[in-house]
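Below is one structure, written out as structure tokens, with a few remarks after it.
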Amino acid sequence: MDISLMAVLVGFLLPWQTRWMIHVPMVGGAVWDFGILSIFLSQAVLALWLGYTMFVERKQIQEKIHAILRDRNYRVGIFFSIIFLITQFCVSANRLLTLQWMLSVILLAGLGIVLHGDKKARVPFVAAFCISVVLQSLLAAAQIFTNVTFASSMLGVAAHKASELGTIVNVYGGVRYLRAYGGEPHPNIFGALTFMGLILFNWLLTFKRTLGVKKNIIQYVLLITSALFFSFSRAVWIGLLFWILLLWREKSRVKLRESQKTMLSWCALTFGVMLIIFFPIVASRVDANSYTEQQSLTSRMSGVATWRDIFSSHWITGTGVGAYSAVLDKSVMLVYWEQRYFFLRCVRLNFRQNCRSHF
């Protein structure tokens, strides 16, 4: 199995939401999104890549482990990390959600370790990631033009219509305009993904033989920056502006390549033109008195108040990582464990009845 092929697969699949739903709980007649147990396709491929790497490089890994264990600071860090994970699992409001969160973090940490140790896998991984961002940006363009998102279980994309309540939109002149979702569950997540695509593409341009054609750079920047803009994520907008200003200020000291300067210039130009063309919608997005902003502020204030109540009753042990939302509704706090206990109890009673009938 080629390491570069695995890097390409993981890099391409990582931004998508394709996953196998193990358990989809219902709360109040609706799907409890934060309680879904699932395995993402990218996680399965990543686990395969990590397992293969550990098998091939088992001798080097053993040597590194022995070297780490000889270092006192590493031993202390590992000890407290294990204590933290065990404690969080024990106090968790929903242990299966906490376990799912831990496995996700372990896989991401493993990905970081592999990319840090294998320099040859970095460029294929980042290039595949950028291609995936391009496809999601094209998907976002279709969403903006049609004002709807189509549902796809294969891509992990949910259906949203700008005319329906609950869909994240901008409102201007009484008209609801859909914010770009791409292939993500929320426009803010999609905006962060496109921003990451720009940062990683800029890193790719530091290599002489990767996407150095000026036309390709301009086309990529136009598409990704436009998609980032239509996510209407203010945090991402601010992050992009700071990133552009930082690179522009440091370009003489850092000695950016000509391709990187081209990218930086077209990124700033594209975002500036978008701001001018769609300024009325942008103004409504940052207007604190608009309907959507008032609704957003109300939900955030409600969330802060709820957090204070939960914090006051769990300030020592916490709720368990990944299980905060389970505390919001006590009926789902231990629902998985209760279902399994009920199942085992039914099996036990059935077994006893069968024994009595035969003997």
So, with points 7 Å from each Cα along the Cβ direction, the Ile238-Tyr74 label distance in nm works out to 3.9
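Indicate the gyration tensor shape class of region 75-169 (rounded, prolate or oblate), computed on the Cα atoms with a ≥ b ≥ c the square roots of the eigenvalues: a/c under 1.5 is rounded; otherwise a/b larger than b/c is prolate and the rest oblate.
Numbers: a/c = 4.04, a/b = 1.48, b/c = 2.72.
Taking the square roots of the gyration eigenvalues as a ≥ b ≥ c, region 75-169 is oblate.
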Most exposed to least, judged by fewest other Cβ atoms within 10 Å, Thr225, Thr270, Thr298, Thr319 sort to Thr298, Thr270, Thr319, Thr225
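Grab the DSSP H runs of the chain that are 4 residues or longer, score each as -39,500 (n - 2.57), total them, divide by all residues and round the 222 nm result to the nearest 500 deg cm²/dmol. Display every interim value, and only then the final one.
Numbers: 14 runs with 244 residues, N = 359.
After summing the helix terms and dividing by the residues of the chain, the value is -23000 deg cm²/dmol.
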Restricting to Cα pairs under 8 Å and 6 or more apart, the percent relative contact order of region 1-50 works out to 42
By Cβ neighbour count within 10 Å, fewest first, Glu184, Glu250 rank Glu250, Glu184
To the nearest 20 debye, the chain has a Cα-centred charge dipole, built from +1 on Lys and Arg Cβ and -1 on Asp and Glu Cβ, of 880
Number of Lys pairs in the chain closer than 21 Å at Cα, excluding neighbours under 8 places apart unless interchain, is 14
Note: probe point = Cα of Thr306 + 7 Å toward Cβ; backbone nitrogen < 19 Å; residues of region 20-40 passing the test are 25-37
Reduced to Cα centres, the span from region 101-163 to region 25-70 in Å works out to 17
Computed about the Cα centre, the charge dipole of region 29-125 from +1 Lys/Arg and -1 Asp/Glu charges at the Cβ has a magnitude in debye, to the nearest 20, of 380
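Using alpha-carbon pairs under 8 Å, 6+ residues apart, how would you state the relative contact order of region 138-286 in percent?
Working: 175 pairs, mean separation 33.9, N = 149.
About 23 percent, as a whole number.
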The ³J(HN,Hα) series, computed from each phi in region 130-146 with the Karplus coefficients 6.51, -1.76 and 1.60 at θ = phi - 60°, rounded to the nearest Hz and given as x for glycine or proline, is 5, 5, 5, 5, 4, 5, 5, 5, 5, 5, 5, 4, 5, 5, 5, 6, 9
1/(1 + (r/R0)^6) with r = Cβ-Cβ of Val105 and Leu222, R0 = 45 Å, i.e. FRET efficiency to nearest 0.05, evaluates to 0.80
Distance in nm between Ala283 and Ser313 label points, each 7 Å along Cα→Cβ, equals 4.7
Under the rule rounded for a/c under 1.5, else prolate if a/b exceeds b/c, else oblate, using alpha carbon gyration tensor axes a ≥ b ≥ c, region 212-297 is classed as prolate
For the pair Leu297 and Val148, the simple spin-label estimate (label points 7 Å beyond Cα toward Cβ) gives in nm 3.4
Once Ile83 and Phe34 are pulled to full extension, the length gained, defined as 0.36 nm per residue separation minus their Cα-Cα distance, is 15.1 nm
Comparing Cys90, Cys267, Cys130 in a Gaussian network model of the chain (Cα, 10 Å), the one with the largest mean-square fluctuation is Cys90
Checked against the structure, the computed P(r) over Cα pairs in 20 Å bins from 0, in percent among (i) 29, 49, 21, 2; (ii) 27, 46, 22, 5, 0; (iii) 22, 51, 24, 3, 0 is the one labelled (iii)
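Is the shape of region 1-113 rounded, prolate or oblate, going by the alpha carbon gyration tensor and its root eigenvalues a ≥ b ≥ c, with a/c under 1.5 for rounded and a/b larger than b/c for prolate? Let's see the in-between values first.
Working: a/c = 3.47, a/b = 1.28, b/c = 2.70.
Oblate, because a/c is 1.5 or more while a/b does not exceed b/c.
Just so you know, all these numbers are worked out from the coordinates, no wet-lab data involved. Note that the structure is predicted; figures quoted are calculated from it, not measured. Using ideal geometry, Cβ is built from the backbone for each residue, glycine included, and neighbour counts are taken over all protein chains shown.
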